[in-house]
1. Using the structure shown, list the pairs from Lys37/Lys83; Lys2/Lys38; Lys2/Lys83 with a Cα-Cα distance above 25 Å, or answer none.
2. Most exposed first by the Cβ proxy, i.e. fewest other Cβ within 10 Å, how do Thr71, Thr48 rank?
3. Quick check: residue separation of Asp52 and His30 times 0.36 nm, minus the Cα distance between them. What number comes out in nm?
4. Quote the FRET efficiency, to the nearest 0.05, computed for Arg85 versus Ala3 with a Förster distance R0 of 35 Å and r equal to the Cβ-Cβ distance.
5. Using 7 Å Cα-to-Cβ label points, what is the Ile99/Lys38 separation (nm, one decimal)?
6. Within 10 Å of each candidate Cβ there may be at most 10 other Cβ atoms; applying that plus a DSSP loop requirement, which trypsin sites (Lys or Arg not before Pro) in segment 43-103 survive?
7. Kindly flag which residue pairs out of Lys66/Lys91; Lys60/Lys91; Lys60/Lys107; Lys44/Lys107; Lys42/Lys91; Lys66/Lys107 have an alpha-carbon separation exceeding 18 Å in this structure.
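Every number here is computed from the coordinates shown, using simple stated rules; none is lab data. Note that the structure is predicted; figures quoted are calculated from it, not measured. With ideal geometry, Cβ positions are generated from the backbone for all residues, glycine too; neighbour counts draw on all protein chains shown.
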Amino acid sequence: MKALYYILAVAALITLTTACTTPVNVITQHPSFFDGKKVSVKGKVINTLHLDDLSYFVIKSSGNNKINIVTNDFLPVIGDNVKVRGTVIPKFYYQRDTILVIREEVKPRDLKSFNNVVR
């Protein structure tokens, strides 16, 4: 009976990661399960930071759970509601810190459309 519950729980988590947005609290509570997996999360942007080699922002979900998003795209505005798709990295190393992040990789479609966005 325990095995059946375990299989159902794993199936539910896989469904969440492939079909819709994954709750931030599930990722923060079980980061090793999501290591290297693509997920979608949504929430409100509460902080942004741009350094020479790092651009990231923090989103807060409905249950006051927070997660860091590392991106190569433009940073959103604080207060925006965003949906992010990326890869979970439970041990992202930056300088002396290790943090749980989702790495969003945005690829410009082509140079012309990218320049239109910049203008």
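1. Numbers: Lys37/Lys83 16 Å; Lys2/Lys38 28 Å; Lys2/Lys83 35 Å.
As for pairs spanning more than 25 Å Cα to Cα, those are Lys2/Lys38; Lys2/Lys83.
2. Thr48, Thr71
3. 4.8 nm
4. It comes out at approximately 0.65.
5. 2.5 nm
6. Here the trypsin sites (Lys or Arg not before Pro) that fit, given the DSSP loop and packing criteria, are Arg96.
7. Values: Lys66/Lys91 16 Å; Lys60/Lys91 20 Å; Lys60/Lys107 25 Å; Lys44/Lys107 23 Å; Lys42/Lys91 21 Å; Lys66/Lys107 25 Å.
Pairs exceeding 18 Å: Lys60/Lys91; Lys60/Lys107; Lys44/Lys107; Lys42/Lys91; Lys66/Lys107.
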